[in-house]
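The values are calculated or read from the model by the stated rules, or taken from the named source; none is laboratory data. Computed from a prediction, not measured in an experiment: that's the story for all the values here. A quick note on method: Cβ atoms are made from the backbone with ideal geometry, for glycine too, and the neighbour counts reach across all protein chains shown.
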Ligand SMILES: [Zn+2]
């Protein structure tokens, strides 16, 4: 039986039996793959802690008939600051779910692996976790070809970043920003989107420096418009909402403030 070693992020895990789990791993070399972690639901198992979501592993896998099998896993990073903060944990879970939804199995995407990993590190020290998360969404969408049109009106193609024209709104259906004229004539849903929102989003889409991103704050006046536009844009491209976004919404409107200070139980079982 062939064995191979790889760096892998645990995107999610589901129970397979009383004792086993199926993991969805994202590896740098092979892309997304599912693998069985035998015995990992036993608290005494050496694999128990390593096979939780958000763990970065150095894993040894054996090729199986249907699913590969995790035979050894060494934790390289467990992201304790993300795990210990409910708001950050939700954002990280959403980031994993989005990557899961936007990729297919066994299609190597090392740049997507690097992006998620760097986002988890940035989340640990971000002054504004939503800036880190929106940068991740925008850059991941660009990698898979779903990015919104931001440089010009998505309807008439006129340039919107030279400063002569102001954006009139964001069209999720068309997948980008509209100029004032086109927004006024549009028959589809147009969401509010200001020049400040546009410049902020362009900045996030192009910010590849982790230190700068961790220090970036989304201006309060643009925050709501950016949340709504990116959500609606992604929802249409994914055709249904990513599950964890409902929790993120509740978090952003403050409905879950009381939970924010409660540490997550990282050993929580299904
Ligand atoms: Zn236009």
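Among what's in the stretch 209-222 and is in contact with a helix residue (DSSP H, G or I) (Cβ under 7 Å, 6 or more places away or on another chain) and part of a helix (DSSP H, G or I), pick the residue that is surrounded by the fewest Cβ atoms within 10 Å (Cβ to Cβ).
By that ranking, first place goes to 221.
Exactly one of (1) within 30 Å of residue 123 (Cα to Cα); (2) out of contact with any helix residue (DSSP H, G or I) (no Cβ under 8 Å at 6 or more places or on another chain); (3) surrounded by 18 or more Cβ atoms within 10 Å (Cβ to Cβ) is unmet by residue 206. Its number?
Result: residue 206 passes all but (3).
Which of the residues that make up the stretch 42-66 are over 25 Å from the mean Cα position of the chain (by Cα), modelled with pLDDT of 90 or more and surrounded by 15 or more Cβ atoms within 10 Å (Cβ to Cβ)?
Of everything in the stretch 42-66, those that are over 25 Å from the mean Cα position of the chain (by Cα), modelled with pLDDT of 90 or more and surrounded by 15 or more Cβ atoms within 10 Å (Cβ to Cβ) turn out to be 60, 61, 62.
When you look at residue 154, is it modelled with pLDDT under 95 and in contact with a helix residue (DSSP H, G or I) (Cβ under 9 Å, 6 or more places away or on another chain), yes or no?
Against the criterion (modelled with pLDDT under 95 and in contact with a helix residue (DSSP H, G or I) (Cβ under 9 Å, 6 or more places away or on another chain)), residue 154 does not qualify.
Looking at 195, 102, can you tell me which residue is away from the ligand (no atom under 13 Å from the Cβ) and out of contact with any helix residue (DSSP H, G or I) (no Cβ under 8 Å at 6 or more places or on another chain)?
Step by step, each of 195, 102 is checked, and only 195 is away from the ligand (no atom under 13 Å from the Cβ) and out of contact with any helix residue (DSSP H, G or I) (no Cβ under 8 Å at 6 or more places or on another chain).
Counting only residues that are within 11 Å of the ligand (Cβ to nearest atom) and part of a loop (DSSP other than H, G, I, E, B), which one in the stretch 148-165 is surrounded by the most Cβ atoms within 10 Å (Cβ to Cβ)?
The qualifying residue surrounded by the most Cβ atoms within 10 Å (Cβ to Cβ) is 160.
Consider the stretch 36-80. How many of its residues are in contact with a helix residue (DSSP H, G or I) (Cβ under 8 Å, 6 or more places away or on another chain) and in a loop (DSSP other than H, G, I, E, B)?
Matching residues across the stretch 36-80 total 3.
Scan the stretch 155-170 and report the pairs whose first residue is assigned by TED's automatic domain parsing to the domain that holds residue 200 and whose second residue is near the ligand (Cβ under 8 Å from one of its atoms) and assigned to a loop (DSSP other than H, G, I, E, B), with Cβ atoms within less than 8 Å and a gap of 6+ or a chain change.
Qualifying pairs under 8 Å: none.
Of all residues being surrounded by 21 or more Cβ atoms within 10 Å (Cβ to Cβ) and assigned to a helix (DSSP H, G or I) in the stretch 173-187, which is farthest from the ligand (Cβ to nearest atom)? Just the residue, please. Spell out how you get there, then give the answer.
Step one: list which residues in the stretch 173-187 are surrounded by 21 or more Cβ atoms within 10 Å (Cβ to Cβ), which gives 176-179, 182-183.
Now restrict to residues that are assigned to a helix (DSSP H, G or I): 182-183.
On the way: 182: 3, 183: 8 Å.
Going through the qualifying residues, I end up with 183.
Of (1) within 25 Å of residue 76 (Cα to Cα); (2) within 16 Å of the ligand (Cβ to nearest atom), residue 135 satisfies all except one. Which?
Looking at each condition in turn, residue 135 falls short on (2).
Consider residue 36 against the criteria (1) without any contact (Cβ under 8 Å) to a residue 40 or more places away in the chain; (2) on the phi < 0 side of the Ramachandran plot; (3) surrounded by fewer than 19 Cβ atoms within 10 Å (Cβ to Cβ): it satisfies all of them except one. Which criterion is unmet?
Just one mismatch for residue 36, condition (3).
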